[in-house]
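Undergrad: Structure below; questions to follow.
The values are calculated or read from the model by the stated rules, or taken from the named source; none is laboratory data. Because the structure is a prediction, the values reported are computed rather than measured. Glycine gets a Cβ as well: all are built from the backbone with ideal geometry, and neighbour counts include every protein chain shown.
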Amino acid sequence: MAFRGFSTYLDLYVALRNHKDLRDYDHLFDTLKSNTNVQLSESDSRQNNEKFAGKVLNVLETKKNPPLREVPTHKALALYVYLQLSKWRYITLRDFSLKEGHAKYPSYYLLVKEKLKCYPAKEDITVTETSAKIRIQTLLDLTVRRLIDSLESNFDAGEQLVLHSKWGFDGASSQSIYHQTTTTSEQDLSSVFMASLVPLKLVTFSGSIVWQNDRPSSTTCCRPISFTFMKETEANVKAEEIFETEIRERNPTDCGDATVTHNLWLTMIDGKVHSIISGTSAAVCDLCKARPSEMNNLEEVRAKPVNTDVYKHGFSSLHAWSRSMECLLHISYRMDTKSWQAKGDESKKIS
């Protein structure tokens, strides 16, 4: 914006500072009153130069040095976690942002306090020398409350929401063994069996999506339920099904204006765990119980009854690709012109 006698805000600022060259005061008064957010009243007469100049200076000072935007603590914590910042790196980032006038991040002390709000209560955690476990109800309550707080949405009183989540368990062996003392020397510390939960989406009863996990296969939103130093055996898998009882007894979560119910699906399992749960061997189809010798007879396979109860556990596309590749390899090995090895001079010749 330009004024008569002043080409830029800077020229006007200098003139007001020096209280000089205000010959066209009437025009300046009218222009500022109609084109800026300077609040002028009738008492601010054109002769009251000091008061008028003070108000204009206040606006110009604000434009020159606008207040820093304060970053909410929960957003700063999200940045801290996603970038895997250390304490020193976060403090350095905060100081740099303050000096450059970009944004005002909360102190590291406030960040730690916000981080503690993400932890469950100590009485809901059970820790032994070989395992750690958290109550599923506590984990669900904490997850949905933190999720709703981060959305910053206003819900109507009595709003009914549903949080859909998947859960499961899996084992891993050949892990690094650290110097951890145990009372039982027979404990296998190289194998870990872990159960976890991942929220998928938060919806209303009408089906409208409030929040959705864009990367459900990522570990970003993965919520550990328990982990134990033990192998993934049939007995241990069936023992972990005790979580089903705890899930059936779950209660809705009260989040102030909104009430959230929970739907959990046991789909985070591999083929081995799926076979144990369905009571079949790894070589037998979990749906129709077809054996490998029967799978080539399509008519016989179609006639077999299908166990629809295992549909709820889902199907892994990864294992489907693995099985398909295995099938193609077996077919190629049986072809007359193909073999996994070549013996004799005649077989080694390339036709």
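Undergrad: Tell me, yes or no, whether the stretch 109-130 has at least one residue that is assigned to a strand (DSSP E or B) and closer than 30 Å to residue 67 by Cβ.
TA: Initial filter on the stretch 109-130 (assigned to a strand (DSSP E or B)): 125-127.
Add one more test, that the residue is closer than 30 Å to residue 67 by Cβ, and what stays is none.
No; the residues of the stretch 109-130 include none that is assigned to a strand (DSSP E or B) and closer than 30 Å to residue 67 by Cβ.
Undergrad: Go through the stretch 256-297 residue by residue and tally those that are farther than 21 Å from residue 199 by Cβ and either over 28 Å from the mean Cα position of the chain (by Cα) or in a strand (DSSP E or B) (or both).
TA: 23
Undergrad: Scan (1) loosely packed, with under 12 Cβ neighbours inside 10 Å; (2) on the phi < 0 side of the Ramachandran plot for the single condition residue 233 breaks and write down its number.
TA: In the conditions (1) loosely packed, with under 12 Cβ neighbours inside 10 Å; (2) on the phi < 0 side of the Ramachandran plot, residue 233 misses (1) alone.
Undergrad: Here are some residues: 139, 111, 116, 68. Which one is touching a strand residue (DSSP E or B) at 6+ places or on another chain (Cβ under 8 Å), aliphatic (A, V, I, L, M) and free of Cβ contacts under 8 Å to residues at least 60 places away in the same chain? Before you say what the answer is, go through the steps one by one.
TA: Numbers: 139 fails: free of Cβ contacts under 8 Å to residues at least 60 places away in the same chain; 111 fails: touching a strand residue (DSSP E or B) at 6+ places or on another chain (Cβ under 8 Å); 116 fails: touching a strand residue (DSSP E or B) at 6+ places or on another chain (Cβ under 8 Å).
Matching residue, one of 139, 111, 116, 68: 68.
Undergrad: Moving on. In the stretch 133-164, how many are within 17 Å of the chain's Cα centre (by Cα) and assigned to a loop (DSSP other than H, G, I, E, B)?
TA: Of all residues in the stretch 133-164, those within 17 Å of the chain's Cα centre (by Cα) come to 139-152, 163-164.
Narrowing the set further to residues that are assigned to a loop (DSSP other than H, G, I, E, B) leaves 152.
Residues in the stretch 133-164 being within 17 Å of the chain's Cα centre (by Cα) and assigned to a loop (DSSP other than H, G, I, E, B): 1 in total.
Undergrad: In addition: Within the stretch 116-143, can you find the residues that are surrounded by fewer than 16 Cβ atoms within 10 Å (Cβ to Cβ) and under 24 Å from residue 201 (Cα atoms)?
TA: Within the stretch 116-143, 117, 118, 119, 120, 138 qualify.
Undergrad: Looking only at strands (runs of 3 or more DSSP E) that fall completely inside the stretch 165-255, which ones have 1 or more residues that are under 15 Å from the mean Cα position of the chain (by Cα)?
TA: On the way: elements: 192-204, 209-212, 223-228, 253-255.
Ranges flagged: 192-204, 209-212, 223-228.
Undergrad: Inspect the stretch 284-307 for any residue being among the acidic types (Asp, Glu) and either at pLDDT 80 or above or assigned by TED's automatic domain parsing to the domain that holds residue 209 (or both) and give the result as yes or no.
TA: We begin by selecting, within the stretch 284-307, every residue among the acidic types (Asp, Glu); these are 286, 294, 299-300.
Those left that are additionally either at pLDDT 80 or above or assigned by TED's automatic domain parsing to the domain that holds residue 209 (or both): 299-300.
Yes.
Undergrad: Now for a different question. Regarding residue 207, is this residue surrounded by fewer than 17 Cβ atoms within 10 Å (Cβ to Cβ) and outside the structural domain of residue 146 (by TED's automatic domain parsing)?
TA: Numbers: surrounded by fewer than 17 Cβ atoms within 10 Å (Cβ to Cβ): yes; outside the structural domain of residue 146 (by TED's automatic domain parsing): no.
No.
Undergrad: Hey, another quick one. So, of the residues in the stretch 144-180 that are of a type in the set (D, E, K, R) and in contact (Cβ under 8 Å) with a residue 24 or more places away in the chain, which turns out to be surrounded by the fewest Cβ atoms within 10 Å (Cβ to Cβ)? Please lay out each step first, then the result.
TA: Start the filter on the stretch 144-180 by keeping residues that are of a type in the set (D, E, K, R), which leaves 145-146, 149, 152, 156, 159, 166, 170.
Among the residues that remain, those that are also in contact (Cβ under 8 Å) with a residue 24 or more places away in the chain are: 145-146, 149, 156, 159, 166, 170.
Details: 145: 16, 146: 13, 149: 13, 156: 8, 159: 17, 166: 19, 170: 16.
Residue satisfying both the conditions and the ranking: 156.
Undergrad: Is it fair to say residue 243 is of a type outside the set (D, E, K, R), closer than 30 Å to residue 149 by Cβ and crowded, with 19+ Cβ neighbours inside 10 Å? I'd like the intermediate steps shown before the answer.
TA: Numbers: of a type outside the set (D, E, K, R): yes; closer than 30 Å to residue 149 by Cβ: yes; crowded, with 19+ Cβ neighbours inside 10 Å: yes.
Taking the combined requirement at face value, the residue satisfies it.
Undergrad: To continue, here is another question. Give just the number: which of (1) among the acidic types (Asp, Glu); (2) more than 22 Å from residue 150 (Cα to Cα); (3) modelled with pLDDT under 90 does residue 70 not satisfy?
TA: (2)
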